[in-house]
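Heads up, the thing below is written out as structure tokens.
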Amino acid sequence: MDGALYRAIMRHQAGAVTVIAVGPPGRRSGLTATAVCSLSDDPPTILACIRRTARTHDVIHRLGVFSVNLLASDQQAIAELFSGGMGLSGEDRFKEDDWTTLATGAPILRGALASLDCRLEEQHGFATHSIFIGSVEDGTVRAEAEPLLYFRGDYWDLGGR
């Protein structure tokens, strides 16, 4: 199948918008991702696919911890910031928002819809990406918030666009 056709088809699958983050203050890295899903609840495990050329990829590999922050509908600006749309990278992406840590020390976004604090268990390469499997050590949730979704190349919330 042609890659362009495949991308066009996959744009019709709505996905949760996440920020995957790693590193200590002063040396943090992160990116916006939708290729994230639950793998198991026994033990609690998550799967995240990250392009090998992304800076965040090698930092996760080196440090062995990362967070997955599911964004709320009021956090579209954060999604755009971490997708590179504002021209910032590395630590500069973390300056505008409130970050903390939990068990592993990975950056956790305060106010996210939900955050998962993960320890890297396995890494598998496939074509242009790595599949990171993380055991979930801790987490937070903002139960009253609505999710930010990515669908047909744009951000959506459950109430519409």
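No value in this document is a laboratory result; all are computed from the given coordinates. Just so you know, these numbers come straight off a predicted model, no measurement behind them. Cβ atoms come from the backbone with ideal geometry, glycine included; neighbour counts cover every protein chain shown.
Some notes on this structure:
- If you wrap the Cα atoms of segment 14-156 in a convex hull and average its projected area over all directions, you get 8.0 nm².
- For residue 114, residues with placed amide H under 5 Å, excluding near neighbours: 70, 142
- When the chain is treated as a Gaussian network with alpha carbon springs shorter than 10 Å, the biggest mean-square fluctuation among 79, 114, 54 belongs to 54.
- Distance from segment 75-134 to segment 11-70 (C-alpha centre basis), Å: 6 Å
- 3J(HN,Hα) from dihedral phi, segment 17-34, Karplus parametrisation 6.51/-1.76/1.60, rounded to Hz, x for glycine, proline: 9, 10, 10, 9, 9, 7, x, x, x, x, 9, 7, 9, x, 8, 7, 9, 10
- Placed amide H near residue 129: partners under 5 Å, 5+ positions off or other chain: 52
- Of the GluC sites (Glu not before Pro) found in segment 106-161, those in coil by DSSP whose Cβ has at most 16 other Cβ atoms within 10 Å are 144.
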